[in-house]
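Worksheet: one structure, shown below.
The values are calculated or read from the model by the stated rules, or taken from the named source; none is laboratory data. Since this is a predicted model, take the numbers as computed values, not measurements. Counting neighbours? That spans all protein chains shown, and the Cβs are built from the backbone with ideal geometry, glycine included.
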Amino acid sequence: MTSQFGPSYVRAIAPYIAGKPISEVAREFGLDAATIVKLASNENPFGMPESAKLAIAQAMGELGRYPDANGFDLKAALSERYGVPADWITLGNGSNDILEMAAHAFVEKDQSIVYSQYSFAVYALATQGLGARAIVVPAVAYGHDLEAMLAAISGDTRLVFVANPNNPTGTFIDGPTLEAFIARVPRDVAIVLDEAYTEYLAKDKRYDAIGWVRRYPNLLVSRTFSKAFGLAGLRVGFAIAQPELTDLLNRLRQPFNVNSLAQAAAIAALNDTAFLEKSAAVNAAGYRRLTEAFDKLGLEYVPSDGNFVMVRVGDDDEAGARVNLELLKQGVIVRPVANYGLMPWLRVTIGLPEENEAFIAALEKTLATA
């Protein structure tokens, strides 16, 4: 049935499908939820840091009142951490909120947005949602082809999305190469640098994106508390850009879009360097363990700088769905990426050592009986 409501470009959107929750898998396969391992949504396997739990407990008494609509204390903490004025910061209900706001703030209907093949699904959703034209640049080695993206920018392009590291593939662009790209993008085209996984980067790969914001007025850096900071369920993201861009975002930002508990937890997590260091160290060890297992099994994978690895589990287009189903039956949840056109692949979040071992054992069993 054809709907009479809404523009055609909205009706054409395929809704975002999140990773399966543990409760759903338990019901579907008759499993004990306590035994299920979820490695599907790139969450921090340690969960929320104790510092954030304490901050939430202290903030509970004010839940009868609306949160601070401007997020003064959280912006102050971010301002101090990153060395930028508070009016350079926009808060979001997760970084997804930031990405959506940026598209609506910078782009009009029928103008164009440039992004890479195999980049985060929300870029396409944000583009479709405002009736803009998507210019999807073919990937190289599952990552961004920056030269081709520059060449793809047209007269009506108003926004370029770049993810670094990229989700779902885990590919990484080194700092000098990325800054050279940013410097060449026309100044009337906004660049959103999506750094949801930047805290997982090895120290020798880190670069000063916030310093770039000071030099390039068309650059917006988007980050999140959902991954390394362990606050996925609270939905806190933020953007750093010069006031010309943040002013537009704040005109669109929904009032009270970051709740009181989320603001309190984010301030605590931001300053919990011990938790961040532990998370990064366990992630690096887990990456080594998973890739060693993939090598032993003769499986192709994409080298990753995030907290996940994308692995090819077969040669035919049904391989990803087939292996995923068998893993689910064994109580292991990973993420199929067929929606990206990567049918034989699965994306696996790096978990705690015991979770990684459960996944490896289930994968070995599945492939042995395939």
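Here is a check on your reading of the model: is F72 without any contact (Cβ under 8 Å) to a residue 40 or more places away in the chain and over 20 Å from the mean Cα position of the chain (by Cα)? Criteria met by F72. With respect to the conditions (1) modelled with pLDDT of 95 or more; (2) touching a Leu at 6+ places or on another chain (Cβ under 8 Å); (3) surrounded by 18 or more Cβ atoms within 10 Å (Cβ to Cβ), L39 lacks only one, and its number is (2). T198 meets all of the listed conditions (1) buried (at least 18 other Cβ atoms within 10 Å of the Cβ); (2) in contact with a Ser or Thr (Cβ under 8 Å, 6 or more places away or on another chain) but one, namely (2). When the range 299-320 is limited to residues that are of a type in the set (A, V, I, L, M) and outside any helix (DSSP H, G or I), the one that is surrounded by the fewest Cβ atoms within 10 Å (Cβ to Cβ) turns out to be L299. Do we have V213 as touching a Phe, Trp or Tyr at 6+ places or on another chain (Cβ under 8 Å) and under 30 Å from A52 (Cβ atoms) here? Taking the combined requirement at face value, the residue satisfies it.
Just to be sure, is V192 part of a helix (DSSP H, G or I), within 29 Å of N44 (Cβ to Cβ) and at pLDDT 95 or above? Here the answer is no, as V192 does not meet what is asked. Where helices (runs of 4 or more DSSP H) fall entirely within the range 208-298, those with at least 3 residues that are of a type in the set (S, T, N, Q) are at 273-297.
To keep it simple, each residue is scored yes or no on (1) without any contact (Cβ under 8 Å) to a residue 12 or more places away in the chain; (2) touching a Leu at 6+ places or on another chain (Cβ under 8 Å); (3) more than 17 Å from Q117 (Cα to Cα).
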position	(1), (2), (3)
Y142	no, no, no
T171	no, no, no
F181	no, yes, yes
A196	no, no, yes
D208	no, no, yes
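Cβ-Cβ distances below 8 Å connect no pair with a first residue in the range 349-360 that is more than 10 Å from G286 (Cα to Cα), a second residue that is acidic (D, E) and at pLDDT below 95, and a separation of six or more residues or different chains.
Going residue by residue through the range 225-247, is there one that turns out to be among the charged types (D, E, K, R), surrounded by fewer than 23 Cβ atoms within 10 Å (Cβ to Cβ), farther than 14 Å from G47 by Cα and outside the structural domain of L346 (by TED's automatic domain parsing)? Yes - at least one qualifying residue is present in the range 225-247.
Applying the condition of being under 16 Å from D272 (Cα atoms) and of a type outside the set (K, R) to the range 50-72 and asking which residue is surrounded by the most Cβ atoms within 10 Å (Cβ to Cβ) yields A52. Among all residues of the range 333-348, there is at least one that is basic (K, R) and within 18 Å of V37 (Cβ to Cβ).
Only residues that are surrounded by 19 or more Cβ atoms within 10 Å (Cβ to Cβ), of a type in the set (A, V, I, L, M) and more than 13 Å from L178 (Cβ to Cβ) were counted in the range 138-152, giving 0. Within the range 326-338, the set of residues being in a helix (DSSP H, G or I) and either within 24 Å of the chain's Cα centre (by Cα) or at positive phi (or both) comprises L327, L328, A338. If the condition is being touching a residue at least 40 places away in the same chain (Cβ under 8 Å) and among the hydroxyl-bearing types (S, T, Y), then the range 279-331 contributes S279, Y287, S304.
Determine, yes or no, whether S304 is hydroxyl-bearing (S, T, Y), within 30 Å of A59 (Cβ to Cβ) and not assigned by TED's automatic domain parsing to the domain that holds S79. No: the conditions fail for S304.
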